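Reviewing the structure listed below.
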Amino acid sequence: MEPKMNMYAKSKISARILSALLVSYFLIACAQVPITNRQSLSLLPESQLASMSLQEYGKVLNQSKLSSSQQQVEMVRRVGFKIAKAAEAFLKEAGMQSEIKNLNWEFNLIEDDKQANAWVMPGGKAAVYTGILKYTQNETGLAVVLGHEVAHAIARHGNERMSQGLMAQMGGAALSAALSQNSPATQNLFMQAYGAGATVGLLLPYSRLHESEADRIGLTLMARAGYDPREAVPFWQRMNEQGGRRPPEFLSTHPAPESRIANIKRYIPEALVYYKKA
């Protein structure tokens, strides 16, 4: 008769099984990022995210004051749809036309001079805040911003961020099971360490990676739409001058300004090829 397996051994086996299942699911839930060709984690259906985004977008618009400046609104929509058209053309050329069905583009300008911000949700719902227009200065500067944000959407970064959060929670559950025979104080200590490790070691670096990818993809999108990608450097310099104090790069969701501009300069020749054709 085999000796009775103790709880600690069982918990270790459970943790290993869960880890194996996670790895297996990771392997079948990967998507390819355009241009960079990186394999990204996408555990959630894009159609589901698009539906969720549509609901949230409606809430944001209802709670915000939309700009009454017809000239500025028309500029935002003109640039936005030119970038979106370039993004869809690129997806088709890359054999990723199946991604287009989940994209229903909409661009709105929100009246808020204190927010220098813009975003595009999964599914293509976008908002630009009037506070960023003093940094964009013109249509090409706005193309830098919207190229970057549309890049987040077609690279499925929102899906990957949510998937990473799920993975972090599931990993935490596995670790909790493995430590179930330790004292509560020891469990708390290890779980706190795991939380910090997941944030600094996984989520923040991936967020910085997403920003760098969006910079690179965005340059190509704006170039394909007929905007000079070289204008990205002065735009980010203007933004950085107003940035104030920042946390160390390894604790920041965005690359350090110097790193970002250096990377953009490296990517510009790649984008210029498309700009010259456009």
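The values are calculated or read from the model by the stated rules, or taken from the named source; none is laboratory data. Note that the structure is a prediction, hence the values are computed from the model and not measured. Neighbour counts are summed over all protein chains in view; Cβ atoms, including those assigned to glycine, are modelled from backbone coordinates with ideal geometry.
Here are a few things to note about the model shown:
- In the condition set (1) closer than 14 Å to VAL76 by Cβ; (2) buried (at least 22 other Cβ atoms within 10 Å of the Cβ); (3) aliphatic (A, V, I, L, M), ALA151 is compliant with all but (1).
- Scanning the stretch 255-278 for residues that are in a loop (DSSP other than H, G, I, E, B) and farther than 14 Å from ARG208 by Cα gives a single hit, ALA278.
- The set of residues in the stretch 48-59 being surrounded by 15 or more Cβ atoms within 10 Å (Cβ to Cβ) and either aliphatic (A, V, I, L, M) or modelled with pLDDT under 85 (or both) consists of LEU49, ALA50, MET52, SER53, LEU54.
Listed here are the residues, each with its yes/no results for (1) touching a Cys at 6+ places or on another chain (Cβ under 7 Å); (2) part of a strand (DSSP E or B); (3) touching a residue at least 60 places away in the same chain (Cβ under 8 Å); (4) more than 17 Å from ALA153 (Cα to Cα).
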| residue | (1), (2), (3), (4) |
| --- | --- |
| GLN55 | no, no, no, no |
| VAL73 | no, no, no, yes |
| GLY80 | no, no, yes, no |
| ILE83 | no, no, yes, no |
| GLU88 | no, no, no, no |
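- Every listed requirement among (1) modelled with pLDDT under 95; (2) more than 22 Å from HIS148 (Cα to Cα); (3) small (Gly, Ala, Ser) is met by SER69 save one, (1).
- Criterion violated by ALA223 - all others in (1) within 21 Å of THR36 (Cβ to Cβ); (2) modelled with pLDDT under 65; (3) not charged (D, E, K, R) satisfied: (2)
- From the options SER212, SER207, residue that is at pLDDT 85 or above, of a type in the set (S, T, N, Q) and under 17 Å from the mean Cα position of the chain (by Cα): SER212
- Selected residue [modelled with pLDDT of 95 or more, under 16 Å from VAL60 (Cβ atoms) and outside any loop (DSSP other than H, G, I, E, B)] from LEU133, LEU142, LEU109: LEU109
- Neighbours by Cβ (under 9 Å, 6+ apart or cross-chain): first from the stretch 210-239, at positive phi; second not charged (D, E, K, R): GLY226/ALA86; GLY226/ALA143; GLY226/TYR275; GLY226/ALA278
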